[in-house]
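What follows is a single structure, written as structure tokens, with notes after it.
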Amino acid sequence: MGHRRLGMTAQHSAGTPPDAGADRAPPRRPGRRRPTVRWIVHGVLLVALAVGIFGVLPRLGGLTRDAAGLRHARPAFLAAAIVAQAVSLGCYAQLYRQVLAALGAGIRFRLAADVIMATFFVSHLTPFGSATGTLVNATTLETEGIAAATTGEAIALTSLTSTIALIVLFGTGFAATAGRHVSHQYLVIAGVALFGVAAVLAAVLAVGAHPAIAGRAGRWAATAARHVRPSINPDKAAQTSTRLASLARTALTGRAFAVSFGFASGNLLFDLLSLDLVFLALRYQPGFGPLTVAYAVANIASAIPLTPGGLGVIEVTLVAITVGFGATRATAVLVVLGYRIVEFWLPLIPGAIAYIRLRLRPGPDGKTKATAADAGK
């Protein structure tokens with residue numbers, strides 16, 4: 001997630017403004033049809049996108065001829081891939097918990113895991129759903145006495161740490177592919193990704209090292225976003241960005257950063273292991289370098305919030321790069337679709353359970369959020 005994915009993510013809350021969690025929910029209006037219609041439209045789009053990917057992509061990969069190879073898949077590796085994915089999500093929850101602790105707001109692992117999974121569930125069901133996921137995150141932690149501004153800062157710092165870990169992973173994989181015979185298609189994709197990574201890293205270092213620059217960047221971004229969401233305050237965004245840059249220099253240095261970076265790396269490496277295990281289930285091993293480059297580039301591409309959870313973007317990118325390294329198209333398509341079932345679709349089940357559990361969690365007034373929402377109708 002993540003980055004999660006960031007990833008959350010992707011895999012896994014990446015791209016969420018630092019002050020998004022601090023914004024209060026708009027007052028309820030008598031009409032409830034527009035939000036309902038919006039959710040229905042988002043749901044239809046998600047189903048249509050999933051059907052297109054899982055229906056069209058196999059045909060492009062020639063799976064109608066080679067699907068018989070699935071009979072020889074090794075189920076033990078598929079089960080191990082699911083376990084690796086669970087460990088990956090646990091590492092991301094620990095990363096978020098560690099960042100909160102560095103900001104002076106400690107929470108239990110169970111609550112951190114529930115918040116991460118509920119955010120995953122919400123943000124992966126709707127386009128641009130990270131803002132809604134942030135609101136779920138902030139309102140939940142408010143019951144623990146953690147200010148929404150602190151939650152927003154923790155989300156941003158978590159995403160920043162995960163991004164740094166992804167950049168390091170990409171560089172490692174890129175170096176490991178040196179000297180290998182690769183296709184022109186791979187070189188083009190990897191070159192574009194390398195340029196993007198270098199630009200992001202330069203921007204992160206420039207903004208993180210100078211809080212004043214971070215403030216100006218936050219003001220500029222908020223001014224642009226104000227055309228879409230008029231309630232955004234550029235002055236407040238500038239103050240939050242300046243404070244966030246200062247926090248990044250103190251909360252993510254020394255031992256605190258080492259621990260956070262370790263959990264971020266664990267999140268990515270176990271996710272990568274999950275992908276590798278699906279390859280092994282079909283008796284193919286692309287190698288650490290090619291697999292790492294494909295994984296990192298796919299996650300970098302999915303950072304652009306065109307679809308929920310990078311749906312479609314990750315699949316096409318992973319298939320293109322792994323084929324460029326020698327995998328047959330049918331094998332690449334089968335593996336990528338299987339991996340996305342493990343990484344994207346299966347976690348929606350515990351995510352929905354976590355979301356419901358948080359909705360039924362008592363608030364400061366002793367009422368559950370669902371009860372409070374009903375009372376406000």
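Could you check the spin-label model distance between Ala86 and Ile353? Points 7 Å from the Cα along Cα→Cβ, value in nm.
1.0
Provide the FRET efficiency to the nearest 0.05 for the Thr253-Thr143 pair, computing r from the beta carbons and using R0 = 30 Å. It would help to have the intermediate numbers written out before the result.
Details: r = 30 Å, r/R0 = 1.01.
E between Thr253 and Thr143, to the nearest 0.05, is 0.50.
Output the direction-averaged projected area (hull surface divided by four) of the convex hull of the alpha-carbon atoms of region 135-174, in nm². All intermediate terms of the calculation are to be shown ahead of the outcome.
Working: hull surface 12.3 nm².
Average projection, Cα convex hull of region 135-174: 3.1 nm².
Taking 0.36 nm per residue of separation and subtracting the Cα-Cα distance, what length does fully extending Phe288 through Thr172 add? Each step should come with its number before you reach the end.
Values: separation 116, 0.36 × 116 = 41.76 nm, distance 0.95 nm.
Working it through step by step, the gained length comes to 40.8 nm.
Where a number appears in this text, it was derived from the coordinates with a stated rule and is not lab data. Since the structure is predicted, the reported quantities are computational estimates derived from the model, not experimental observations. Backbone-built Cβ (ideal geometry, glycine too); neighbour counts: all protein chains shown.
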